[in-house]
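The values are calculated or read from the model by the stated rules, or taken from the named source; none is laboratory data. Since we're looking at a predicted model, the values are computed, not measured. For neighbour counting, all protein chains shown are included, and Cβ atoms are generated from backbone atoms with ideal geometry for every residue, glycine included.
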Amino acid sequence: MPDTREPARREPRAAATIAAHDEAFPLGAVVPPIYQTSLFTFATYDELAARFRGEGEHPVYSRVDNPTTAEFERKLAALEGAEAARGFASGMGAIATTILGLVKQGERILCVRYVYPDAYRLMRKLLPRLGIAVEFVDGADPAAVERALPGARLLYLESPTSLVFRTQELGRLAALARRHGVLTVADNSWASPIFQRPLEHGVDLVLHSASKYLGGHSDVVAGVVAGSRALIAAIDDVATPYLGAKLSPLDAWLLVRGLRTLPLRMRRHHESGLALAERLAGHPGVVRVLHPAFANEPGCATLSGWSGLFSIELADDIDIRVFCDALAMFKLGVSWGGHESLAFPARISRQQAGGANAVVEFDVSPRLVRLHVGLEDVEDLWRDLEQALKRARQAHG
Ligand SMILES: *Cc1c(COP(=O)(O)O)cnc(C)c1O
């Protein structure tokens, strides 16, 4: 039976205030202005020269510092309990810049299995060309992680993982890594800071695809990393401005807008996701529900709620193509975290071009369909799933 603990039981009480409350903006505006400008000018030669020597905080150029982007970074840092955050043009921008900012040629990364497929591709295709080794480990097996830690530079976590939603014991792994002098980075896109705050458990850096729950309206591609001022400065020093995957002011503004309702949306994703997962688990067309609430792993201890993303493994008598095509409310597509419900069949990922395929490497079942439960009425969504399963079984027979 799933653990149906109250949603957001340990939700940081401050989250709703951080999301909804601002210090005063110019002219008493209740919404921050968008500084939609590439550069900022200086009144005098001396002021410009002083800024170039590193004095003062006057913004210079939006690839490096933009006040609207900084507004999002401040809010996200506060939500994650971090000293600082950096916004990026995508989640992959955050992941690549963080890794390239911290890891050098000749060093080794230890990464959990079932990591997000494009993070996997980065590690398999680009990092080896730069002389960075990557080893994949079962994140649910702390002993295996500990054996592989000595000599590594960075432990890359994602809890729950992509597609199969395996969790890791963040606190335990962070403590082990620290003992071996290994930095920890955790992708927290699934839970959002409303349901999990990795830094509170000793993880060094937390990152997100802000394209998912943080934005929440499927209208932004963005990313963010948060942690100590020192680590963010280290990433900035060699990577952020030069790789140039900077979060734009307009996208930052949309993210601030999205964050306003993050606590509310996450509660709804939690409730609807769990309700549908429970009903699907009792349906004869579903062999297995891959949802952290059903897995009963120790890694669930740091989650105070469940999001709306999980997978189902369909029985052999369900025609997956017919099931997908029969869905009316659940649209077929990648990504997740917005207002809308989505379905994505894993076997399509198995056939993806481009090599270095995580879904094949980690042997994700081709019978698996990932569902994102959006903000629609949960009974409407259930009717949609039921009729699609019925049709997909008839088609088979
Ligand atoms: C989508 C996703 C990413 C990548 O984010 P983009 O914004 O698409 O670049 C990273 N991690 C996870 C878990 C994701 O789902």
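Against the condition surrounded by 24 or more Cβ atoms within 10 Å (Cβ to Cβ), in contact with a Ser or Thr (Cβ under 9 Å, 6 or more places away or on another chain) and not small (Gly, Ala, Ser), how does His201 come out, does it pass? No, not satisfied. Residue check: is Ala252 in a helix (DSSP H, G or I) and more than 19 Å from the chain's Cα centre (by Cα)? Here the answer is no, as Ala252 does not meet what is asked. For the stretch 192-215, the tally of residues that are within 13 Å of the ligand (Cβ to nearest atom) and at positive phi stands at 1.
Hey, does the stretch 166-176 have a residue that's within 16 Å of the ligand (Cβ to nearest atom), surrounded by 24 or more Cβ atoms within 10 Å (Cβ to Cβ), assigned to a helix (DSSP H, G or I) and among the hydrophobic types (A, V, I, L, M, F, W, C)? Looking through the stretch 166-176, at least one residue is within 16 Å of the ligand (Cβ to nearest atom), surrounded by 24 or more Cβ atoms within 10 Å (Cβ to Cβ), assigned to a helix (DSSP H, G or I) and among the hydrophobic types (A, V, I, L, M, F, W, C).
Here the condition is being aliphatic (A, V, I, L, M), closer than 22 Å to Val225 by Cβ and under 17 Å from the mean Cα position of the chain (by Cα); of Leu127, Leu122, Leu163, it holds for Leu122 alone.
For the stretch 29-45, the criterion of being in a loop (DSSP other than H, G, I, E, B), closer than 30 Å to Arg121 by Cα and not small (Gly, Ala, Ser) is met by no residue. Out of curiosity, is Ser192 in contact with a Phe, Trp or Tyr (Cβ under 6 Å, 6 or more places away or on another chain) and either surrounded by 24 or more Cβ atoms within 10 Å (Cβ to Cβ) or closer than 27 Å to Arg367 by Cβ (or both)? Considered against the rule, which asks whether it is in contact with a Phe, Trp or Tyr (Cβ under 6 Å, 6 or more places away or on another chain) and either surrounded by 24 or more Cβ atoms within 10 Å (Cβ to Cβ) or closer than 27 Å to Arg367 by Cβ (or both), Ser192 comes out as yes. Can Leu243 be described as closer than 19 Å to Arg153 by Cβ, within 14 Å of the ligand (Cβ to nearest atom) and surrounded by fewer than 24 Cβ atoms within 10 Å (Cβ to Cβ)? The answer is yes for Leu243. Of the helices (runs of 4 or more DSSP H) entirely within the stretch 257-363, those holding at least 1 residues that are over 15 Å from Ser162 (Cα atoms) and in contact (Cβ under 8 Å) with a residue 12 or more places away in the chain occupy 262-281, 292-295, 320-326.
Quick one: Ser307 ticks every box in (1) more than 15 Å from the ligand (Cβ to nearest atom); (2) within 18 Å of Gly215 (Cβ to Cβ); (3) hydroxyl-bearing (Ser, Thr, Tyr) except a single one, so which number is it? For Ser307, the exception is condition (1).
Here the stretch 101-121 is the region considered, the condition is being closer than 29 Å to Ala346 by Cβ and out of contact with any strand residue (DSSP E or B) (no Cβ under 9 Å at 6 or more places or on another chain), and the residue that is nearest to the ligand (Cβ to nearest atom) is Asp118. Checked against (1) in contact (Cβ under 8 Å) with a residue 40 or more places away in the chain; (2) more than 20 Å from Ser341 (Cβ to Cβ); (3) not in a helix (DSSP H, G or I), Ser189 passes all but a single condition, namely (2).
Taken over the stretch 144-165, the residue count meeting the criterion of being in a helix (DSSP H, G or I) and touching a residue at least 24 places away in the same chain (Cβ under 8 Å) is 3.
Being under 30 Å from Gly216 (Cα atoms) and either of a type in the set (Val, Ile, Thr) or surrounded by fewer than 16 Cβ atoms within 10 Å (Cβ to Cβ) (or both) is the requirement here; does Val31 meet it? Yes: the conditions hold for Val31.
So that you can scan it fast, the table gives a plain yes or no per residue for (1) touching a His at 6+ places or on another chain (Cβ under 6 Å); (2) surrounded by fewer than 16 Cβ atoms within 10 Å (Cβ to Cβ):
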position: Leu255; (1), (2): no, no
position: Ala277; (1), (2): yes, no
position: Val286; (1), (2): no, no
position: His291; (1), (2): no, no
position: Phe294; (1), (2): no, no
position: Ala326; (1), (2): no, no
position: Gly338; (1), (2): yes, no
position: Ala353; (1), (2): no, yes
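Being at pLDDT 95 or above and more than 14 Å from the ligand (Cβ to nearest atom): is that true of Gly151 here? Taking the combined requirement at face value, the residue satisfies it.
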